[in-house]
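The values are calculated or read from the model by the stated rules, or taken from the named source; none is laboratory data. Keep in mind that what you see is a predicted model, and the values were worked out from it rather than measured. Neighbour counts are summed over all protein chains in view; Cβ atoms, including those assigned to glycine, are modelled from backbone coordinates with ideal geometry.
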Amino acid sequence: MKNNFEMNNRKGQITIFIIIALIILGGIIIYFVYRGGLFQEKLPAELDPVYTYYLGCIENEASTGALILGEQAGYIEQPEFSPGSQYMPFSNQLDFLGTGVPYWYYISGNGVSKEQIPTKEKMQVQLNDFLNERILECDFSTFENQGFIINLGEAEAETLINSNSIDVSVKQDISISFGEVSWSGTNHEVNLDSNLGKFYELAQKIYATQKESMFLEKYGLDILRLYAPVDGSEIGCSPKIWSLNEIRLELINALEANVPAVKLEGNYYDLKNKENKYFVQNIGEDVDVNVNFLYSGNWPMKLEVWPSEDGLLKANPVGLEEGLGMLGFCYTPYHFVYDFAYPVLIQIYSGEEMFQFPVVILIDKNNPREPLDVEGLPNVVPELCNHKITEMSVSTYNTNLEPIEANIDFKCFDTVCSIGTTNISDSGDAVLVDNFPQCVNGYIVASAEGYKTKKYLTSTLESGEAMIVLDKKYKLDLEVQKQGAELGSDYSILTFTKDESVTTVSYPSQKQIELTEGQYEIKVYIYSNSSIALKGSTSQKCVDVPKSGLSGIFGVTEEKCFDLKIPNQVVDFAVSGGGTQNYYIGESELQESSKLIINADSFGIPSALEDLQENYNKVDTQGVDIMFE
């Protein structure tokens, strides 16, 4: 009996301990659950309009961010701008209706083929950052005027881009109170309908097909051979001469007419005739949304032709050998070699949603460019970046020598390596000590939100230190005046040149500008409607050809001449005012001002070519007034 009693007693003690342990464990779980905001108290009906607006604001901002990603080839924060050159006129962005759209494939100013295709993960990170800033700007003033009290903490957004939707999870402390009623919450979920993921996946398939088969280059080569002299011959004894400018115009017109005819196999169009099947490209699936291929004559183009001289292509006649001249027969063969490059913008859209990305099309020496041998994806680490062996110390400050945290990259020729971030240390400095790749005359690149990216030239063959001072960017409203009055129907082009950086503004379509402290050359061109008629001209070209008859057999020649005509032209817009001013913009002016006013002189609307040339000269010699308010 005693043993049974002791056994039962022990079982009872164990049961009690288990119950106590479960209670403690449950308390811990409940504590952390409520601390994390997974279970939030029920929202009172009186506060529902405020919270509904808050969720709607998140949804609107997420929708706005998705639209920006679609309009800018998958970027909200665009890659650092890289300009083109006279050799290759493509920057890393295509200017489409005033918005820079990053190329997925382009050729840099020094002729290097480059890709900049964002991953879906990178798109989500940029959308997260966009929401973190924009949610804090949700305007609750209407509710606050009614007596509601709303307090918001910092937002931490996480997004997931699906094929037909975007899941948004926001962790943000929010408290709402009205009279005696109050409520607070932390975790907020929103789901919005969006085709961003679907469009992005289709864009990748289109690009992969283009990259593998170069179908756009093949269409481009056909256009080149149809609309420009490449190979051929004509009966006649006179040389053939073509103007390179006229060839350029012919190709521009041909591209504008033919590029939009390109389609993908699918059900979003009807072929008007069987011949248009030529323009249909198969990407491995039937496309059920609209896809446009666009080209504009305003976009940059590279066109070089060999042989050519002074903007003219010339083919001399042959077949004037002994015997053929007596028959009166000769012909003019020609063979020209082209380097021909231009952008194509690919748009995928349905309703108000769109995803677009541009690519550069290259015909190299009369042949489509070769497919890339490497993937070139942005997450692939360049070989140089795998060999970081030189320790460097980098400190970053603002112009008041106050420490600021900044992202640090290292650029050696065309390779950019991510290094890390300067962090404010116990000593009060923002410092990064890390290993860098070895490079002579490389650049340490520091970037921070709200500051102008700064490059620091250095050699990393030996350890060293770098102190980089970043200039704060200030956004100002911009107003351009001509003799103290607003421009009216005129428009202007302004360039702000500081060191090697040039900022160009088209006014009045752009009425804001970001500036930093420093010495600027400010140049203003003001354009007005004009109707200057440039008369065409005719010049005479002469060549020696064999004389007809018996004397031609013995090499006797005679001079024959022909006319080269340049057609009449009309200048629709002409420079009517402007000027140039060197001006040091101090940080105090930027801090204390919200508006920059530039007042330029009027030169008068030119009525002849001589007046137009004189106005252009005045832009370099006349000053402009710079005012801040």
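Below, the figures for the structure above:
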read-out	value
Candidates 144, 121 - the one that is of a type in the set (Asp, Glu), over 28 Å from the mean Cα position of the chain (by Cα) and assigned to a helix (DSSP H, G or I)	144
Any hit, the range 584-605, residues being among the polar types (S, T, N, Q), in contact with a Pro (Cβ under 7 Å, 6 or more places away or on another chain) and in the same structural domain as residue 510 (by TED's automatic domain parsing)	no
Filtered residue count, the range 147-161, keeping only those that are free of Cβ contacts under 8 Å to residues at least 24 places away in the same chain and either assigned to a loop (DSSP other than H, G, I, E, B) or among the acidic types (Asp, Glu) (or both)	2
Qualifying residue in the range 213-228 (condition: within 30 Å of residue 58 (Cβ to Cβ) and in contact with an Asp or Glu (Cβ under 8 Å, 6 or more places away or on another chain))	no
Enumeration of residues in the range 195-205 that are within 19 Å of the chain's Cα centre (by Cα) and either hydroxyl-bearing (Ser, Thr, Tyr) or under 19 Å from residue 263 (Cβ atoms) (or both)	199, 200, 203, 204
Top-ranked residue in the range 187-203 [being surrounded by fewer than 18 Cβ atoms within 10 Å (Cβ to Cβ) and in contact (Cβ under 8 Å) with a residue 40 or more places away in the chain; ranked as farthest from residue 291 (Cα to Cα)]	187
Criterion: part of a helix (DSSP H, G or I), at pLDDT below 65 and closer than 29 Å to residue 153 by Cα - qualifying residue of 58, 24, 30, 68	30
Conditions (1) surrounded by 19 or more Cβ atoms within 10 Å (Cβ to Cβ); (2) assigned to a strand (DSSP E or B); (3) modelled with pLDDT under 85: number failed by residue 347	(3)
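One line per residue, one yes/no per condition, for (1) buried (at least 18 other Cβ atoms within 10 Å of the Cβ); (2) at pLDDT below 95; (3) aromatic (Phe, Trp, Tyr); (4) not assigned by TED's automatic domain parsing to the domain that holds residue 344:
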position	(1), (2), (3), (4)
245	no, yes, no, no
266	no, yes, no, no
270	no, yes, no, no
275	no, yes, no, no
278	no, yes, yes, no
287	yes, yes, no, no
